[in-house]
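Below is one structure, written out as structure tokens; the observations come after it.
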Amino acid sequence: MQNTELNYPKVALIGAGGISCQLLPLLSLDRDVVLVDGDKFEPHNSTRQFPALTSEGNKAEILAEMQSQRTTKEILPIPHYLKGLEIINRDEWQGVNLIIGAVDNNESRVLITKIADDLEIPAILCGNEVNVGESHLFLPGTYNPFDHYDFGEMTPAPYSCTSDDQAESAPQTGTANHLAAACGLFMLSALEQTIDKKNLPVNVNMDIRAGVSRTRLFEKVELT
């Protein structure tokens, strides 16, 4: 029987840029979202961040305000950069049981995994380059993508297009942001529907250049 209940009714979405502009409208239809970002929208990003067409204020506040008009769920903005574990003490954060990263640097991704590990909750890390989007799964005590070389400039495809070098050298596109969001949503759906952890995807990759999508399963990874 298919599970129709939400295992993650309140999620934290870190980053309110191009990927989150694709993710938030769907995430907030059926669950509460804490949106974290200290950056501001800039007009030159308007091709992939729709609020930048009319606004130049804080990303989390503006995107939350826009999307709140389209859902009955709560969207709680935190207009600050993610800097440490102290964020879990904020009132807005209470009840969060999944973190989704939509950032473009590995320092922030590592911090997300540390927070998730401290709270003993999973995290999904989304990223993209020009024509590729992907997501990575973090399971506390079970699977850390950084321990399995899923990130880094020397990591062979398909396991990471989300290294810092890629983010700096490859321009962001709306299409790639959409692919990254789709990979993240696929992984979220798998987390809520999969009973046997060996069938969980730890990496989902969509590459429009090669015309392929790839899913790497948890398979034989076990608790240590």
Can you run down the residue pairs with Cβ atoms below 8 Å, 6 or more apart or on separate chains, where the first is in region 179-202 and under 19 Å from residue 142 (Cα atoms) and the partner is acidic (Asp, Glu) and surrounded by 14 or more Cβ atoms within 10 Å (Cβ to Cβ)?
202/150
Out of 76, 63, 26, report the one residue that is touching a Pro at 6+ places or on another chain (Cβ under 9 Å), surrounded by 13 or more Cβ atoms within 10 Å (Cβ to Cβ) and either part of a strand (DSSP E or B) or modelled with pLDDT under 95 (or both).
63
In region 184-221, which residues are charged (D, E, K, R) and under 21 Å from residue 18 (Cα atoms)?
207, 209
Which count do you get for residues in region 104-130 that are touching a Leu at 6+ places or on another chain (Cβ under 8 Å) and touching a residue at least 40 places away in the same chain (Cβ under 8 Å)?
7
Flagged in region 177-209 as modelled with pLDDT under 85 and of a type in the set (A, V, I, L, M), in numbering order, are 195, 208
If a residue has to be in contact with a Ser or Thr (Cβ under 9 Å, 6 or more places away or on another chain) and of a type outside the set (Ser, Thr, Tyr) to count, how many in region 81-102 make the cut?
5
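The values are calculated or read from the model by the stated rules, or taken from the named source; none is laboratory data. Fair warning: this is a prediction, and the values are worked out from it, not measured in the lab. When we count neighbours, we look across all protein chains shown, and the Cβ atoms used for this are built from the backbone with ideal geometry, even at glycine.
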